[in-house]
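Below is one structure; the comments refer to it alone.
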Amino acid sequence: MCHLRFVPLRKTPDMDNHLKAIYCLQRLHLLINEGQTGTPLELAQKLQISRRHLYNMINLLKDSGADIKYSRSLQTFFYTKPFKLLKIFNEVFDKT
């Protein structure tokens, strides 16, 4: 007989930080998709992060295959081609 004991998952400060980072990245992606980012300073304020952190996140998206540009006339970041933030999850959800 196998004796299994359920151990509840304990919330740690690292988990909070990871969840905040995922939420922030998702929100950035949605704002870029909608063409509603505003200037880099406005976008950083919307996301409640520094401009430096914003550009780190944009570089992370670029490293993941996103082609992101900024339009000075429209004052927004935009994708030059369609990009799915979580390709792995999207593939799983698209099958259902």
Item to check | Relative frequency of Cα-Cα separations exceeding 22 Å in segment 19-95, percent | outcome: 19 percent
Checklist entry - With θ set to phi - 60° and the Karplus curve 6.51 cos²θ - 1.76 cosθ + 1.60, what are the ³J(HN,Hα) couplings of segment 53-60 in order, to the nearest whole Hz, using x for Gly and Pro? => result 5, 4, 5, 5, 5, 4, 5, 4
Item to check | Long-range amide H partners of Thr76 with built H, under 5 Å | outcome: Ser71
Item to check | ³J(HN,Hα), Karplus 6.51/-1.76/1.60, whole Hz, each residue of segment 32-45, x for Gly, Pro | outcome: 5, 4, 7, x, 10, 7, x, 5, x, 5, 4, 5, 4, 5
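Only the coordinates and a few stated rules stand behind these numbers; no lab work does. All values reported here derive from a predicted model rather than from experimental measurement.
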